[in-house]
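Here's the structure, in structure tokens; my notes come after.
The values are calculated or read from the model by the stated rules, or taken from the named source; none is laboratory data. The structure presented is a predicted model; accordingly, all values stated were derived computationally and were not measured. Positions of Cβ are generated from backbone atoms using ideal geometry, with glycine treated the same way; all protein chains shown enter the neighbour counts. Ligands, DNA and RNA are excluded from the accessible area calculation, which covers all protein heavy atoms including side chains. Shrake-Rupley method; radii C 1.70, N 1.55, O 1.52, S 1.80 Å.
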Amino acid sequence: MTGYTHAAAGAFAGALAGKLTGDPIAGLAVGAVAALLPDIDHPGSLAGRRLRPLAVLLELFAGHRTVTHTFWFCLLTGLIFGLLSSFLAPAIPSAAALLHLKIPLIVPSPWEAGLFALLGGLSHLALDACTRSGVSPFAPLSLPGKLARLEHIKGPLKTGDPLTEWPACLLFAAAAFKATGVL
């Protein structure tokens with residue numbers, strides 16, 4: 001899937017969680033950003049173009065859809081967003097006052113930010129699992145018995161196919177805005 005579809009799906013996942021916690025706009029924003037991060041291992045991706053040196057190193061040493069396309073990376077992303085929220089929460093309201101903003105800037109609580117980021121990242125894995133390349137979400141673990149079929153999950157979709165990408169992107173975006181109450 002492409003970055004726009006990942007961002008829309010992450011926004012939807014985050015907005016749904018945000019609706020349950022009372023902050024769907026923050027959920028939308030955090031989920032969308034976190035959904036782009038697993039592709040940090042590809043220099044041509046939306047996230048990879050913004051952090052090119054890191055993307056080049058990750059692609060060189062790990063390859064695409066390896067370490068960053070795992071459940072463990074999504075957990076790490078959630079922890080980092082939670083930590084960022086705990087550090088930024090005290091500073092944001094005073095920064096908004098200094099800038100004379102008429103709307104208050106509210107940072108989600110650390111556990112909310114972590115949840116929104118985790119769900120955004122997992123939405124990325126779910127979409128990539130639908131593609132022909134698939135993902136290995138629990139690598140490097142070997143799963144026992146019938147769970148072994150979850151070691152590499154792949155589907156029939158082709159990444160970048162406009163007949164798949166555009167409708168999915170538009171539906172996820174509309175659902176995300178509906179969850180926030182914007183639509």
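Mind putting a number on the dipole of the chain about its Cα centre? Charges go on the C-beta only, +1 for Lys and Arg and -1 for Asp and Glu, and I need it in Debye to the nearest 20. Could you put the intermediate results ahead of the total?
Working: 12 positive and 9 negative charges, 33 e Å.
Here the chain has a charge dipole of around 160 debye.
With all protein chains present and a 1.4 Å probe, how do ILE80, ILE40 order by accessible area, largest first? Numbers along the way, then the final one.
Working: ILE80 85, ILE40 10 Å².
Highest to lowest solvent-accessible surface, that is ILE80, ILE40.
Please compute the modelled spin-label separation between GLU151 and ARG52, points set 7 Å along Cα→Cβ, answer in nm with one decimal.
3.8 nm
Among PHE73, GLY121, ALA179, whose Cα lies farthest out toward the positive end of the dipole of the chain, if unit charges sit on the beta carbon of Lys, Arg (+1) and Asp, Glu (-1)?
In the chain, that residue is ALA179.
Could you give me the ³J(HN,Hα) list for the range 51-66, computed from phi with Karplus coefficients 6.51, -1.76, 1.60 and θ = phi - 60°, whole Hz, x at Gly and Pro?
10, 3, x, 5, 4, 5, 5, 5, 5, 5, 8, 10, x, 7, 6, 10
How high is the FRET efficiency from PHE61 to LEU20, r the C-beta distance, R0 35 Å, rounded to 0.05?
With R0 = 35 Å, the Cβ-Cβ based efficiency is 0.35.
Give me the Kirkwood hydrodynamic radius of the chain in Å, from all C-alpha pairs, to one decimal place? Spell out each step's value before the answer.
Working: mean 1/r = 0.0590 Å⁻¹.
Hydrodynamic radius (Kirkwood, Cα pairs) of the chain is 16.9 Å.
Distance between Cα centroids, the range 104-183 to the range 1-73: provide it in whole Å.
Spelled out, the Cα-based centre of one part sits 9 Å from the other.
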